[in-house]
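FYI, it's all coordinate maths here, none of it is from the lab. Everything quoted here is computed from the prediction, not taken from an experiment. With ideal geometry, Cβ positions are generated from the backbone for all residues, glycine too; neighbour counts draw on all protein chains shown.
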Amino acid sequence: LKSMGYSQIQVQLSDLSKKPEEEGTSTALIRGIAAKFADMGVSLSGWDAYSTSEVLSGSGLSSSAAFEVLVGTIIDQHDNGGKAGAVEIAKIGQYAENVYFGKQSGLMDQMVSSVGGFVWIDFADTEKPVIQKHTFDFAQAGYCLCITDTKGSHADLTPDYVAVPTEMKQVAAYFGKSVLREVSAEQFRKAIPQLRKTCSDRAILRAAHFFAESERATAEAKALEDGDLSAFFALVRESGTSSAELLQNLFSCQKPTEQAIPLGIWYSKQFLGEKGAVRVHGGGFAGTIQAFVPVEEAEAYCQCMNQLFGKGSCHKLSVRPMGGVRV
């Protein structure tokens, strides 16, 4: 596979074992995806591909998930008759990222990239996630989704990302559970004084974010379904505040003086006032922010962000209704 602007990658299908020296590389992702398909009994015949992309690498726009879905979709279509489908391809991408690439990502980025559109996902059973697609048209409603790259790289922030699920699982372990989804919000609230004896304050705050955010996601989906944009924006703002105060993923503790995301959010709020909404985008700590901006003000907003973070930082996007597909 040759991606424009990057070196060519070659993977020998005769050896799909994990290579420690490949951890953190695109080669590891391709090898891991191919290995998973092979484990599923798919006979791999190999292919050559050239790819181009407008997804910003290492900026919180799920570039690794998009890449995994691309490779998974090619293999599924080329060697498997398209039998795996979007959900399975997402899980295969997560496997490659966890086992071969060496990053303990969840399944959300891969699932959204693979399924496409606005989606509400329930991960209670990660083997069979419940997915609901929403087709709300923000452009028709008079708003544009703007993503601004604050120019902070995600490349060296793996410890920050890993700490989030690790700390949440520490809280879950207090209740004898593996993940917080298996704990009720009421159980959690009642146990907070005792939790401080075994978990850090930050872990407790992050768990509090989890419970509130789970409820918010469902409420956001309902707001879109009802066409209630003001309710949706209010929930997005609440979510952003919770990310800042509870999840604490707006900047890295490793680099406390580098706070481009908080700066971008504050600057955006000065521009938007009571209109639309702005919050951190993706995993946070560095990278991008998202803003829902009135269409008539989108160009001025982008100019404002470009002045702050450099030319080409702000992008006006639309949400593609489909994920990985063969054209």
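Length available on full extension from K316 to Q303: 0.36 nm per residue minus the Cα-Cα distance, which gives 3.6 nm. Summing Cβ point charges (Lys, Arg +1; Asp, Glu -1) relative to the Cα centre of the chain gives a dipole of roughly 520 debye. Between the listed residues C253, S7, V71, the Cα displaced farthest toward the positive end of the dipole of the chain, a dipole computed from Cβ unit charges relative to the Cα centre, is found at C253. Spacing of the modelled spin labels on M4 and Y50, each 7 Å from Cα toward Cβ, amounts to 1.0 nm.
On full extension, the segment bounded by D228 and K275 gains 15.5 nm, given 0.36 nm per residue less the C-alpha separation. If you plug the beta carbon distance of K169 and K133 into 1/(1 + (r/R0)^6) with R0 = 35 Å, you get a FRET efficiency near 0.75. Ranking L180, Q94, S230 by Cα position along the charge dipole of the chain, where only Lys, Arg, Asp and Glu carry charges on their C-beta atoms, puts L180 farthest toward the positive end.
Check cross-link reach from K275 to the lysines: straight Cα distance under 23 Å, and skip same-chain residues fewer than eight apart. In chain and number order, the partners are K222, K316. At what distance in angstrom do the alpha carbon centres of the stretch 249-290 and the stretch 2-18 lie from each other? Going from one Cα centre to the other spans 35 Å. Given labels modelled 7 Å from the Cα in the Cβ direction, how far is it in nm from E245 to D201? In this crude spin-label approximation the distance works out to 1.5 nm.
Magnitude of the Cβ-charge dipole of the stretch 141-259, K/R +1 and D/E -1, about the Cα centre, nearest 20 debye? Walk me through the numbers before you get to the answer.
On the way: 14 positive and 16 negative charges, 117 e Å.
Computed charge dipole of the stretch 141-259: roughly 560 debye.
Just check the stretch 191-325 against the gyration tensor rule for me: Cα atoms, a ≥ b ≥ c as the square roots of the eigenvalues, rounded for a/c under 1.5, and otherwise prolate or oblate depending on whether a/b exceeds b/c. Walk me through the numbers on the way to the answer.
Numbers: a/c = 2.06, a/b = 1.35, b/c = 1.53.
It is oblate, given that a/c is not under 1.5 and a/b is not larger than b/c.
In the chain, inverting the average of 1/r over every pair of distinct C-alpha atoms gives 21.1 Å as the Kirkwood radius. Residues whose amide H lies under 5 Å from that of T288, counting only those 5 or more places away or on a different chain, are T150, H281; hydrogens are built 1.01 Å from N in the peptide plane.
Holding the Cα-Cα limit at 28 Å, pick out from K103/K169; K36/K255; K177/K255; K19/K91 the pairs that are longer than that. Checking Cα-Cα distances, K36/K255; K177/K255 exceed 28 Å.
Find how much the distance from Q77 to T158 grows on full extension, using 0.36 nm per residue of separation minus their present alpha carbon separation; answer in nm with one decimal. Write out the running numbers ahead of the final one.
Numbers: separation 81, 0.36 × 81 = 29.16 nm, distance 3.22 nm.
Taking 0.36 nm per residue and subtracting the Cα distance, the gain is 25.9 nm.
Looking at the chain as a GNM with Cα springs under 10 Å, which of I75, I33, I192 has the largest mean-square fluctuation? Sorting by GNM fluctuation, first place goes to I192. Dividing the summed -39500 (n - 2.57) terms of all DSSP H runs of n ≥ 4 by the residue count of the chain sets its mean residue ellipticity at 222 nm at -14000 deg cm²/dmol.
For the peptides 277-285, 242-250, residues were scored by their other Cβ atoms within 10 Å and the scores averaged per peptide; the highest-first order is 277-285, 242-250. Averaged over residues, the count of other Cβ atoms within 10 Å places the peptides 37-45, 116-124 in the sequence 116-124, 37-45, highest first.
If you place +1 on the Cβ of every Lys and Arg and -1 on the Cβ of every Asp and Glu, how big does the dipole about the Cα centre of the stretch 2-115 come out, in debye to the nearest 20?
Details: 8 positive and 13 negative charges, 16 e Å.
The calculated dipole for the stretch 2-115 is roughly 80 debye.
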